[in-house]
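Notes to accompany the following structure.
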Amino acid sequence: MKLQILVVAGDGIGPEVTGEAVKILKAVGELGGHDFTFREALIGGVAIKAKGTPLPAETLDVALESDAVFLGAVGGNEFNSLPPDRRPEAGLLQLRQALGGFANLRPSFAYSALTQNSPLRPEVVDGADILFVRELLGGLYFGEPRAWDREAGSAWNTMRYTREEVIRVARIAFELAGKRRKKLTSVDKANVLEVSQLWRATVTEVAQQYPDVTLEHQYVDACSMHLMNTPRNFDVVLTENLFGDILSDEAAVITGSLGMLPSATIGGQVNLYEPVHGSAPDIAGKGLANPLGAILTAAMLLRHSAGLEQDAVAVEEAVKSVLMEGYRTADLARGQQQNVLSTKEMGKQVYR
Ligand code: NAI
Ligand code: MG
């Protein structure tokens, strides 16, 4: 297996957590005799300081030549006075756009059952394992026309999808469901929105090509309740951009900590892997960051870019073992004084 990985660690805790994730990837590569090569490039605030722009041309060039891009986080308080298009975050938005991924994968696994830091009761949440597939390039966030007419005192956005946009993301969701528990929940608001009627009809059509996967439809309002009441009933959840943004954040309470959430964006020219959290300036440079979100993101890279499912599972199982044994970073410890580890110590526990 040959894979060229670009690491853009970025700002704040980005380099700290990315360092631990890369150690895991290197270990998997060496153990399995795979040819993983790593290159590094600048993005975000560090790129602004060195090159005057949050996404230097050379970073983008190398990214487009790579098989996968692994990003830490971008952003920092010192840049908050800059206009939005010159801030570190603009570099990430440009990178996402250039790589072209339209399927954003966000797993919600009940690690909180091990760390006891979910507001949901253990008997509700224990065993939950949901994979959100959120359409990322269409819908309300990109639809035209959009405007705020200040004089008229009105504003509008457009929720628009084409059949092709729904088909391509639905295929990815069905493929993934076929490799999991073979259940797909498509979420829409087809009782009110024409876009959702197109969505539902198209997903139903695509389902005919995946007879081994059970398809169900839920309205987004009902789904938001079912996610909290019966999270174990879900396997893969397929939904459009806005609904996916909201539902995947809601379902993050199943996982327990922001520092534990991985993500991948696939379907474009190059897959992009990033933990969900930001640069956490409040704890940056102190060795307090939880690297498990980044490490679980590395597992997603092994699964979706390297095709190394067994290694991905091994990394995820190692994370579970470490938590089961009581090891915690500060964000998970909540005053319990048991085995509170630094970023590097936590990485080492997973690696051992
Ligand atoms: P944040 O995710 O950086 O931090 C929110 C809270 O969670 C903080 O208290 C932080 O200490 C904690 N936290 C986050 N990740 C953690 C980890 N791995 N371990 C332990 N604790 C963790 O979000 P915030 O504070 O809203 O944004 C900070 C900066 O990051 C801003 O400049 C923002 O624009 C940027 N940001 C970047 C993202 C990205 O690069 N993908 C995503 C979200 C925010
Ligand atoms: Mg969001």
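The values are calculated or read from the model by the stated rules, or taken from the named source; none is laboratory data. The model shown is predicted, which means the values in this text are computed figures rather than measured ones. No Cβ is skipped: glycine too gets one built from the backbone with ideal geometry, and neighbour counts run over all protein chains shown.
Residues checked against (1) away from ligand 1 (no atom under 16 Å from the Cβ); (2) crowded, with 22+ Cβ neighbours inside 10 Å; (3) among the hydrophobic types (A, V, I, L, M, F, W, C):
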| residue | (1), (2), (3) |
| --- | --- |
| V220 | yes, no, yes |
| S224 | yes, no, no |
| L227 | yes, yes, yes |
| T230 | yes, no, no |
| D235 | yes, no, no |
| T239 | yes, yes, no |
| D245 | no, no, no |
| S248 | no, yes, no |
| M260 | no, yes, yes |
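Given the structure, is V7 touching a residue at least 40 places away in the same chain (Cβ under 8 Å) and outside any loop (DSSP other than H, G, I, E, B)?
Working: touching a residue at least 40 places away in the same chain (Cβ under 8 Å): yes; outside any loop (DSSP other than H, G, I, E, B): yes.
Answer is yes for this residue.
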For the range 1-43, which positions are away from ligand 1 (no atom under 16 Å from the Cβ) and among the aliphatic types (A, V, I, L, M)? M1, L3, I5, L25, A27, V28, L31
Can you pull out the residues in the range 264-316 that are more than 10 Å from ligand 1 (Cβ to nearest atom), closer than 25 Å to E30 by Cβ and assigned to a loop (DSSP other than H, G, I, E, B)? V270, S305, A306, G307, L308
Taking the range 72-93 and keeping only residues that are within 16 Å of ligand 2 (Cβ to nearest atom), under 22 Å from D282 (Cβ atoms) and out of contact with any helix residue (DSSP H, G or I) (no Cβ under 7 Å at 6 or more places or on another chain), one is left with E89, L92
Checked S263, S257 against criteria (of a type in the set (S, T, Y) and closer than 24 Å to A170 by Cα); the one match is S263
What's the total number of residues in the range 230-257 that are within 14 Å of the chain's Cα centre (by Cα) and farther than 23 Å from A190 by Cβ? 3
Are there any pairs with C-beta distances below 7 angstrom linking a residue in the range 25-47 that is at positive phi to a residue that is surrounded by fewer than 21 Cβ atoms within 10 Å (Cβ to Cβ), with the two at least 6 apart or on different chains, and if so which? none
Determine the pairs where a residue that is without any contact (Cβ under 8 Å) to a residue 12 or more places away in the chain, located within the range 338-352, has a partner that is of a type in the set (K, R) with Cβ atoms under 9 Å apart, the partner being 6 or more residues away or on another chain. K348/K23
Any chance V62 is part of a strand (DSSP E or B) and more than 30 Å from M228 (Cβ to Cβ): no
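Among what's in the range 55-80 and is free of Cβ contacts under 8 Å to residues at least 60 places away in the same chain and closer than 11 Å to V8 by Cβ, pick the residue that is surrounded by the most Cβ atoms within 10 Å (Cβ to Cβ). So that I can check it myself, show each step before the final result.
First, pick out the residues of the range 55-80 that are free of Cβ contacts under 8 Å to residues at least 60 places away in the same chain: 55-62, 78-80.
Adding the requirement that they be closer than 11 Å to V8 by Cβ leaves 55-56, 59-60, 62.
Numbers: L55: 26, P56: 18, T59: 24, L60: 17, V62: 17.
Checking each candidate, the answer is L55.
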Within the range 252-263, can you find the residues that are part of a helix (DSSP H, G or I) and within 11 Å of ligand 2 (Cβ to nearest atom)? A252
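So if I check each of A68, A57, which one is more than 9 Å from ligand 1 (Cβ to nearest atom), aliphatic (A, V, I, L, M) and either within 24 Å of the chain's Cα centre (by Cα) or not assigned by TED's automatic domain parsing to the domain that holds I266 (or both)?
A68
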Top-ranked residue in the range 151-193 [being free of Cβ contacts under 8 Å to residues at least 24 places away in the same chain and aliphatic (A, V, I, L, M); ranked as surrounded by the fewest Cβ atoms within 10 Å (Cβ to Cβ)]: A152
Quick one: what pairs do we get from the range 291-305, first residue over 19 Å from S342 (Cβ atoms), second within 16 Å of ligand 2 (Cβ to nearest atom), C-beta under 6 Å, 6+ apart or different chains? T297/P262; T297/P275; M300/P262; M300/A264; H304/A264
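Among the residues of the range 96-145, write down those that are aromatic (F, W, Y) and closer than 15 Å to K320 by Cβ.
If the condition is that a residue be aromatic (F, W, Y) and closer than 15 Å to K320 by Cβ, then F109, Y111 are the ones that fit.
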Among the residues of the range 270-281, is there at least one that is outside the structural domain of G45 (by TED's automatic domain parsing) and within 16 Å of ligand 2 (Cβ to nearest atom)? no
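What number of residues in the range 99-110 are more than 15 Å from ligand 2 (Cβ to nearest atom) and touching a Leu at 6+ places or on another chain (Cβ under 6 Å)?
Within the range 99-110, residues that are more than 15 Å from ligand 2 (Cβ to nearest atom) and touching a Leu at 6+ places or on another chain (Cβ under 6 Å) number 4.
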Answer with yes or no whether G75 is at pLDDT 95 or above, part of a helix (DSSP H, G or I) and under 20 Å from V17 (Cβ atoms). no
Got at least one residue in the range 152-165 being assigned to a strand (DSSP E or B) and of a type in the set (S, T, Y)? yes
